[in-house]
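Participant: Before I ask anything, here is the structure I am working with.
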Amino acid sequence: MPHGSDGAVAFPGSSPVRDSRRFMKSKYPTGGCPRYIYLMLLCLLSGLLLLACDGTVQNITPQNDFVLGDNDYQLTCDPSGDDETALACQLAYYANRERAAHPEESDYAQPLNWNNQLAAVGAQYSQEMCDLDFFDHTDPSGRRMEDRLSQAGLYWVKAGENLARGKDLFPNQADRMFMDEPACEINHRGNILDNDFVSVGVGVVFCGDEIIYTQYFATFDEHDLRNDPNEYCSAP
């Protein structure tokens, strides 16, 4: 069934926020135009505040600690450095590491492949959120994820969008925020571990002292959809 989710969380201190969305196209278009059926689930996510033992806020300097490992699935993007394209690539590497680290929850999902077109759409949307000073899956003109991907000429059958924004928010922190969410739900963690997705693309923009991420997941062929029940997540 076509489905989607979104949610947002503000984090005290550096104030990073995150948002996720997922959709599938209907297989039965009407009048030559795809018909979308949306199941909107509000993700009630709790904020995370780093506290010392006495209850005071710790002043922790964010660090980018990404190192390419020997066991990493090699992507066609370049993760070296600290520029926008490197950070985008690093977040994709973290997604594949999470899929490998959670084989049962992801139902043994295969590594994602880097997609330059998804990354370009993500970079454009991150820049738009910076320029127009908003943070949402719907832009001020009413366009949503599915509109952005389709208008870029991408034919997709299932897609997901994760958003993150914060001061000095490096990929390792964004990934940790996503993965700290509840398992087996339609949220950022669910997008990362969804075994239907085969491609990933990330667009990063430096916006003042903030970093904005738009992370896309997609499947372009119906034959890539697993459509099998996840026994781990369906277990009582």
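Participant: On a 1.4 Å probe surface of the protein chains, which of GLU185, GLU98, GLU161 comes out largest in accessible area, and what is the full order?
Facilitator: The ranking, largest first, comes out as GLU185, GLU98, GLU161.
Participant: Label-point separation (nm) for ASP78 and ASP133, each offset 7 Å from Cα along Cα-to-Cβ?
Facilitator: In this crude label model, ASP78 to ASP133 measures out at 3.5 nm.
Participant: For CYS233, CYS130, give the ranking by accessible area with the largest first, probe 1.4 Å.
Facilitator: Ranked list, largest accessible area first: CYS233, CYS130.
Participant: Give me the 1.4 Å probe accessible area per residue for segment 101-211, excluding ligands and nucleic acids, in Å².
Facilitator: Using a 1.4 Å probe on heavy atoms only, each residue of segment 101-211 averages 38 Å².
Participant: Further question: By how many nm would the segment from ASN71 to GLN110 lengthen if fully extended, with 0.36 nm per residue of separation less the alpha-carbon distance? Provide the component values of the computation, followed by the final result.
Facilitator: Values: separation 39, 0.36 × 39 = 14.04 nm, distance 1.40 nm.
Between ASN71 and GLN110, full extension yields an extra 12.6 nm.
Participant: Share of segment 87-236's accessible area from carbon and sulfur, percent, 1.4 Å? Present the calculation step by step, with values, prior to reporting the outcome.
Facilitator: Details: 2800 of 5910 Å².
Carbon plus sulfur share of accessible area: 47 percent.
Participant: When you count, for each residue, the other Cβ atoms within 10 Å and take the mean per peptide, how do 210-222, 102-114 rank with the highest first? Mind showing how you got there, number by number?
Facilitator: Working: 210-222: 22.5, 102-114: 17.5.
So the peptides 210-222, 102-114, ranked by packing, come out 210-222, 102-114.
Participant: Roughly how many nanometres apart are two label points built 7 Å out from the Cα toward the Cβ at GLN117 and LYS167?
Facilitator: A separation of 4.0 nm, rounded to one decimal place.
Participant: Same structure again: For the ranges 170-183, 195-208, what's the packing order if you count other beta-carbon atoms within 10 Å of each residue, average per peptide, and put the highest first?
Facilitator: Numbers: 170-183: 19.2, 195-208: 21.4.
Result, highest mean Cβ count within 10 Å first: 195-208, 170-183.
Participant: By the gyration tensor of its Cα atoms, with a ≥ b ≥ c the square roots of the eigenvalues, what is the shape of segment 137-222: rounded for a/c under 1.5, prolate for a/b over b/c, or oblate?
Facilitator: Because a/c hits 1.5 or more and a/b fails to exceed b/c, segment 137-222 counts as oblate.
Participant: Now a separate question. If we sort 134-142, 86-94 on the protection proxy, mean other Cβ atoms within 10 Å, highest first, what's the order?
Facilitator: In decreasing order of mean packing, 134-142, 86-94 become 86-94, 134-142.
The values are calculated or read from the model by the stated rules, or taken from the named source; none is laboratory data. Note that this is a predicted model, so its numbers are computed, not measured. Glycine also receives a Cβ, built like all others from the backbone with ideal geometry; neighbour counts cover every protein chain displayed. Each accessible area value is taken on the protein alone, full model and side chains, heavy atoms only, with ligands, DNA and RNA left out. Shrake-Rupley method; radii C 1.70, N 1.55, O 1.52, S 1.80 Å.
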